[in-house]
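In what follows, a structure is listed as structure tokens, so that the remarks can point back to it.
The values are calculated or read from the model by the stated rules, or taken from the named source; none is laboratory data. The structure displayed is predicted, hence computed values, not measured ones. Glycine gets a Cβ as well: all are built from the backbone with ideal geometry, and neighbour counts include every protein chain shown. Note: areas computed on protein heavy atoms with side chains; ligands, DNA, RNA excluded. Shrake-Rupley method; radii C 1.70, N 1.55, O 1.52, S 1.80 Å.
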Amino acid sequence: MRIAVIPGDGIGKEVMDAAMLVLEELDLNLEYEFYEAGDEALKKYGKALPDETLEACRRSSAVLFGAAGETAADVIVRLRQELDTYANVRPARALNGVKCLYPGLDIVIVRENTECLYKGFEFELDNSAIALRIITKRASERIARFAFELARREGRKKVTALHKANVMKKTCGIFRDVCRNVAKEFKEIEFNEYYIDAACMYLVMNPYRFDVIVTTNMFGDIVSDLAAGLVGGLGIAPSANIGEKHAIFEPVHGAAFDIAGKGIANPTAMILTACMMLQHLGFTKEAEKVRKALEDTISSGKTTPDLGGKLKTKEFAEEVAKRLRE
Ligand code: ATP
């Protein structure tokens with residue numbers, strides 16, 4: 001199986017090197033092919049997402065992506081649309097050994113990935129700027145079904161839809177109605193809904209009331225960073241973009257230029273992202289093995305500075321790799 005690997009910009013390169021160091025410890029029949037995209041690609045080739053990279057992504061079994069800087073909209077947002085990876089899955093799980101606000105928390109945010117305000121339909125008119133929010137029945141239905149199927153597959157008990165249908169009556173109205181209908185097909189899974197603003201408060205005060213969250217694109221983007229903060233921050237938050245034919249795996253964090261080049265980025269999010277890829281490709285045991293090695297390393301006090309430790313990105317990855325060898 002071919003994997004298109006795109007390290008990208010900023011800490012993307014550093015955390016990708018670290019993840020590759022860990023993946024190389026596994027005896028898997030995967031071919032990693034490296035491609036360019038992002039701010040540097042734009043400077044070099046005049047295109048943030050070069051055609052060669054896009055084509056390679058189309059013919060690969062999965063895409064493993066690091067981060068894009070200023071060009072993120074032209075790279076990762078476009079890639080998600082081109083490959084129609086409509087479901088963005090962002091688990092917020094407290095890891096053993098990571099000090100966080102909510103130990104033991106384990107929720108999954110399923111974010112619609114192809115429409116809403118992030119469609120990018122913006123224009124100027126006189127002295128105003130206008131953005132179009134597109135919400136379709138089709139996309140709402142497939143994301144709602146995806147969330148319930150994920151809940152069923154992972155033995156989860158509840159799906160919560162987040163929207164603002166009292167204000168955005170038409171767009172959020174469609175999303176809410178579709179979620180309610182799909183919920184009827186999954187009788188064993190509890191369904192409820194909150195307005196997005198109230199949900200943010202509940203997430204901060206008592207996130208244990210959530211299990212699987214399903215929501216539209218922009219709300220999902222915001223709420224998943226919030227949820228990452230509940231379990232220890234962006235350094236440990238992985239994500240997957242899943243479609244019918246393609247899948248892209250990327251950490252929730254971006255290029256983080258403030259810490260890029262210092263070798264201190266936490267590669268945990270990237271390594272957990274690689275685990276999501278392994279699981280998607282059927283390598284469940286290997287994914288579990290890596291997760292365990294990762295948690296054992298962190299629990300032993302060996303961490304990067306964002307988690308209070310002293311290790312550099314590469315040193316941390318070497319520790320994880322060492323545990324895999326043992
Ligand atoms: P984007 O706008 O694409 O989300 P960004 O560069 O503005 O990207 P993020 O990369 O999402 O911001 O991260 C915000 C901050 O969190 C960073 O500036 C950095 O300080 C911290 N951070 C993010 N990822 C990591 C990481 N892997 N390890 C340590 N700190 C991180």
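A few comments on the model shown:
- The loop-placed GluC sites (Glu not before Pro) in the stretch 120-167, going by DSSP, that have at most 16 neighbouring Cβ atoms within 10 Å of their Cβ come out as Glu154.
- Per DSSP, loop trypsin sites (Lys or Arg not before Pro) in the stretch 14-105 with at most 16 further Cβ within 10 Å: Arg59, Lys99
- Gain on full stretching of the segment that runs from Met201 to Asp84 - 0.36 nm per residue minus C-alpha separation: 38.9 nm
- Averaged over its residues, the stretch 263-316 has an accessible area of 42 Å² per residue, based on protein heavy atoms and a 1.4 Å probe.
- What separates the Cα centres of the stretch 185-240 and the stretch 110-162 is a distance of 14 Å.
- Length added when fully stretched, Leu226-Glu33, from 0.36 nm per residue minus Cα-Cα: 66.2 nm
- Given charges at beta-carbon only (K, R positive; D, E negative), |dipole| of the chain in Debye: 1100
- Gyration tensor (alpha-carbon) shape descriptor, the stretch 281-323, a/c threshold 1.5: prolate
- Calculated FRET value between Arg209 and Asp258, using beta carbons and R₀ = 35 Å, to 0.05: 0.55
- The value of relative contact order for the stretch 101-231, using C-alpha pairs under 8 Å at least six residues apart, is 38 percent.
- Shape category assigned to the stretch 54-167 from the gyration tensor of Cα positions, a/c cut at 1.5: prolate
- Accessible-area composition of the chain, carbon plus sulfur, in percent [1.4 Å probe]: 51
- Each part reduced to its alpha carbon centroid, the stretch 1-59 and the stretch 243-304 end up 15 Å apart.
- Inter-probe distance in nm under a simple model that places probes 7 Å from Cα toward Cβ, at Arg138 and Lys187: 3.2
- Cα gyration tensor, the stretch 101-231 - rounded (a/c under 1.5), prolate or oblate: oblate
- Here the stretch 101-231 is treated with +1 on each Lys and Arg Cβ and -1 on each Asp and Glu Cβ, and its dipole about the Cα centre works out to around 560 debye.
- Note on Lys292 and Ser128: with the Förster distance fixed at 51 Å, the Cβ-Cβ geometry gives a FRET efficiency of about 0.40.
- Förster-model FRET efficiency, 22 Å R0, Arg59 and Thr284, C-beta, rounded to 0.05: 0.35
- A 1.4 Å probe run over the protein chains yields, for the stretch 101-231, 49 Å² of accessible area per residue, whole-number rounding.
- 37 °C / 0.692 mPa s Stokes-Einstein diffusion coefficient of the chain, Kirkwood radius on C-alpha pairs, µm²/s: 163
- In the stretch 163-221, GluC sites (Glu not before Pro) in a DSSP loop with at most 12 other beta-carbon atoms within 10 Å: Glu185, Glu188
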